[in-house]
Amino acid sequence: MARAHAGSAVFLLAITLIACGGSKPALKAPPAPASSASAAPALTGKPATGFLTSSVPMAQMPPAFDFSSKKAEIRMYSATDAATTCTNGVQATGAPASDVAAIVKACASATKQKSAGGAWSGNQKPDAPAQRFPFAAAAGRCYRVYGSAAAGISDMSILVVDSAGATAAQGHADGGRVIAPAGGSVCFREADQAAVVVSVGRGMGAFAVQLTSD
């Protein structure tokens, strides 16, 4: 009889535990999300293709622009050479042609150069094309260009260019006188059809330029 009561007690205890929930079962990991079209593709170990990682070689860059003449070179005067200061004592005349003639005369002894033909003159303004004055450069000869601008011109440039259009010498001044090249002479390695080019950046008025040669 006692055994029957004990068995009933055990049965009732089991029923009670089940009704109250008993021990909680172990949690399971959530299932992996379903794949979709927007999911990132699996890595394959191959590098991505594109501009930075492309195996196609880039085109070779063109060589740097070279604005210096291959036909001439500048020979600079030393700092103590009288040719660097030969214009210092020349008073401006106010007339470009007369001023250039005075400069050439004052520098003739120091540079060992004289006028190569007559002076060129004209009028120039910023929006006008640069004026070109051609000359035949001789092989082994050195040249220098003197320029003078009227008071109305405040920015004047002189270039010596070779037949290829490359710059052989240049000079610039905010006003008054310009020498190209300022501290030397330009010497041609070979005979060439060169030109003196005059342009104005600010102001307008008359100018004169004179080419000299040894």
Might you check whether a residue that is modelled with pLDDT of 95 or more, surrounded by fewer than 18 Cβ atoms within 10 Å (Cβ to Cβ) and either assigned to a loop (DSSP other than H, G, I, E, B) or in contact with a Gly (Cβ under 9 Å, 6 or more places away or on another chain) (or both) occurs anywhere in the range 49-60? no
Number of the exception - ALA79 against (1) surrounded by 10 or more Cβ atoms within 10 Å (Cβ to Cβ); (2) at pLDDT 50 or above: (1)
Could you tell me which of the residues VAL186, VAL145, VAL104, VAL178 is crowded, with 16+ Cβ neighbours inside 10 Å, without any contact (Cβ under 8 Å) to a residue 40 or more places away in the chain, out of contact with any Pro (no Cβ under 6 Å at 6 or more places or on another chain) and not in a loop (DSSP other than H, G, I, E, B)? VAL178
Name, by its number, the condition in (1) in contact with a helix residue (DSSP H, G or I) (Cβ under 7 Å, 6 or more places away or on another chain); (2) within 17 Å of ILE74 (Cα to Cα) that does not hold for ALA150. (2)
Of the residues SER163, SER121, which single one is in a loop (DSSP other than H, G, I, E, B), surrounded by 13 or more Cβ atoms within 10 Å (Cβ to Cβ), out of contact with any Ser or Thr (no Cβ under 7 Å at 6 or more places or on another chain) and at negative phi? SER163
Residue under evaluation VAL209, criteria (1) at pLDDT 95 or above; (2) under 25 Å from the mean Cα position of the chain (by Cα); (3) aliphatic (A, V, I, L, M), criterion not met: (2)
Any residue at all in the range 90-99 that's in contact (Cβ under 8 Å) with a residue 40 or more places away in the chain and closer than 16 Å to ASP214 by Cα? no
Of everything in the range 104-124, what is touching a Leu at 6+ places or on another chain (Cβ under 7 Å) and at pLDDT 95 or above? Give them in sequence order. ALA116
Only one of these conditions is not met by GLY45: (1) at pLDDT below 90; (2) under 21 Å from GLN170 (Cβ atoms). Which number is it? (2)
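The values are calculated or read from the model by the stated rules, or taken from the named source; none is laboratory data. These numbers come from a predicted model, not from an experiment. Neighbour counts are summed over all protein chains in view; Cβ atoms, including those assigned to glycine, are modelled from backbone coordinates with ideal geometry.
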